[in-house]
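A.B. asks: Quick one: this structure, given as structure tokens, is what I'll be asking you about.
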DNA sequence: CTAGGGTTAG
């Protein structure tokens, strides 16, 4: 019946099809001249042709034209084709609406393609709706598409629940694709331990591991803690026995990356060398491995070699971002920024990840000017509304002292994630704007965003800088009782600082005693600093005894203690520790800084007058003035603190 | 003439 009708349609529409084809070949203007028709078949053929030639834009234009001529023209063949051409969730919903209008939503082909389209774009609720209403028997494939929808929208819990629902029904069994989809649902939102557990479940259920699932499992290995390398090697071996290592690019790439992330450069290089085939991802994986191992020059070298080889694998944004990120995380921010410039000179467009990396380098260098330049670049390339860039901007502006600019970015965001809130709060905290921080913290609760440990570090340090003991104590309790966050060393450091600065030295030292972990140097340092501020030599002495007893024989520790004695006016003790330090053979690298004036670099080493500094006397006179001003400022702030505590 | 799964940069 179907075939007969298609034959009749075909003959009736033959002439129309030819006119359509020539109109389409002539470009978009001529599409408007296509005569009205009552037959969908010729349209469908051209739609299919466009999709086969990977021109979804032309296919969609044709579909729009078709509906403009007559909304009832599309049939059960047209809608699946249009859905395949759809490039956004919005288009998928529009075609769904057309299907409902035409009464074709229950047609098996239409329903299946609707489910596929919703899954591709991660509209899980809509996918679920179509799935539940599907007329035909549920197949493994339709289950897989629903699970995939949850995977795409980063909802591993519902992916798992759907998998459980599928397992509870006895008809369609999960296959390798079902398992792989479930694995990737967890991998893409960072639930790496679950990925490895599920990979084990998959093996135990008797499902054959294939290249795709092995690739996902390998990508999760570097996050498996102490057993990471052992697990990675086990899965490597498993893949080998299944014959999915050699000749499977995805697995090769996953292996290079896994070994690289674990710092096993020899293994990473070995897999890379022995790979029969390489693509851009393979090259980027080896670049990333070098960068992760801190071998940034080697990473750059590979990138340059890629460029010289020419042809197939030219370096792309990922290659460049990886090298830039490598330099940035090794602390060489200047090199990172220099490479960012070089990348732009090669006419390669940075993307949101590149910008986020570059912004973090700007932040560390306190390079607001360059940061603003990156901001304007982001606006021009329309990347400024992406949360990754926005969070980077908030962080950059806040840490560079432009708190108002940071707030402008924050206020302009359409949706704020935890990182946005934490960056803004930390910005207020580090500039002593405690009231702003506390107000924003209240807004955060209002917006139903759950704070995490980082949030509390930000607000607690804001309180400690402003001497707000009562608020700080309340927040600390709230963190533990309401939010069930167990305090980390950082939180204790904040609290010791808060209590100590306010002069509550006994409370601070009592808190250290009741801490569930061994206090580290930061915690002791906070207490000692408070002793210094309040001139409590006895408490300082007792504290130092405890630090020495804890036996942290590091240079920094000795220097800290020396300075502390000196600050408390206990010069004899200060000298004693200094001698002790020298005897222990510990020497601190002297602090250094340098400035560039007219292409000449002037270096300053702590405690040493530069031999060839013109106008040294003048410099030191200005410095003395500055010190005096800073001291006055400090004293007035401390007086404020005392007033606040009372 | 036909759906679903995979690797790299933060």
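No value in this document is a laboratory result; all are computed from the given coordinates. All values reported here derive from a predicted model rather than from experimental measurement. Because the Cβ atoms are built from the backbone with ideal geometry, glycine has one as well, and the counts that use them run over all protein chains shown.
A.B. asks: With N residues in the stretch A:410-524, what two-decimal value do you get for its Cα radius of gyration over 2.2 N^0.38 Å? Working shown, then result.
C.D. replies: On the way: Rg = 14.0 Å, N = 115, 2.2 N^0.38 = 13.4 Å.
Taking N as the residue count of the stretch A:410-524, the ratio is 1.05.
A.B. asks: Here's another thing I want to ask about it. Taking the alpha-carbon centroid of each part, what is the distance from the stretch A:478-516 to the stretch A:519-540 in angstrom?
C.D. replies: If we compute the Cα centre of each part, the gap is 14 Å.
A.B. asks: Stretch residue A:201-residue A:164 to full length: gain in nm at 0.36 nm per residue minus the Cα-Cα span?
C.D. replies: That works out to 12.0 nm of additional length.
A.B. asks: Could you tell me the largest-minus-smallest coordinate of the C-alpha atoms of the stretch A:189-296 on each of the three principal axes, in descending order and whole angstroms?
C.D. replies: Sorted from largest, the Cα extents of the stretch A:189-296 read 42, 29, 23 Å.
A.B. asks: Going 7 Å from the Cα of residue A:486 in the Cα-to-Cβ direction, what parts of the stretch A:189-205 have a backbone nitrogen less than 15 Å from that spot?
C.D. replies: none
A.B. asks: What distance in nm separates the simple spin-label points at residue A:618 and residue A:517, each placed 7 Å from Cα in the Cβ direction?
C.D. replies: So the label points at residue A:618 and residue A:517 sit 5.1 nm apart.
A.B. asks: Determine one quarter of the surface area of the Cα convex hull of the stretch A:295-437, which equals its mean projected area, and express it in nm² to one decimal.
C.D. replies: Taking the Cα atoms of the stretch A:295-437, their convex hull projects to 8.9 nm² on average.
A.B. asks: Calculate the length of the line joining the C-alpha centroid of the stretch A:383-425 to that of the stretch A:233-292, in whole Å.
C.D. replies: Value for the Cα centre distance between the two parts: 37 Å.
A.B. asks: For the stretch A:140-253, go through all pairs of different Cα atoms, get the mean of 1/r, take its inverse, and jot down that Kirkwood value in Å.
C.D. replies: Radius from the Kirkwood sum: 14.2 Å.
A.B. asks: Hey, another quick one. Along its principal axes, what span do the Cα atoms of the stretch A:255-373 show, with the longest given first and each in whole Å?
C.D. replies: Cα extents, longest axis first: 46, 30, 21 Å.
A.B. asks: I want to check the label-to-label distance for residue A:129 and residue A:447. Put each point 7 Å from Cα in the C-beta direction and report it in nm to one decimal.
C.D. replies: Taking the two extended label points, one gets 2.8 nm.
A.B. asks: Please give the direction-averaged projected area of the C-alpha convex hull for the stretch A:43-159, in square nanometres with one decimal.
C.D. replies: If you wrap the Cα atoms of the stretch A:43-159 in a convex hull and average its projections, you get 6.8 nm².
A.B. asks: A follow-up question, please. Any chance you could run the full-extension gain for residue A:139 through residue A:266? It's 0.36 nm times the residue separation minus the Cα-Cα distance, nm to one decimal.
C.D. replies: 41.2 nm
A.B. asks: Right, something else. Could you give log10 I(q)/I(0) at q = 0.19 Å⁻¹ for the stretch A:393-457, computed by the Debye formula over C-alpha point scatterers of equal weight, without solvent?
C.D. replies: Reported log10 I(q)/I(0), two decimals: -0.63.
A.B. asks: Along Cα→Cβ, 7 Å out, is where each label goes; now give me the distance between the ones at residue A:369 and residue A:314 in nm to one decimal.
C.D. replies: 3.3
A.B. asks: Hey, another quick one. Once R0 is set to 60 Å, what does the formula 1/(1 + (r/R0)^6) return for the Cβ-Cβ distance between residue A:100 and residue A:295, expressed as a FRET efficiency to the nearest 0.05?
C.D. replies: 0.55
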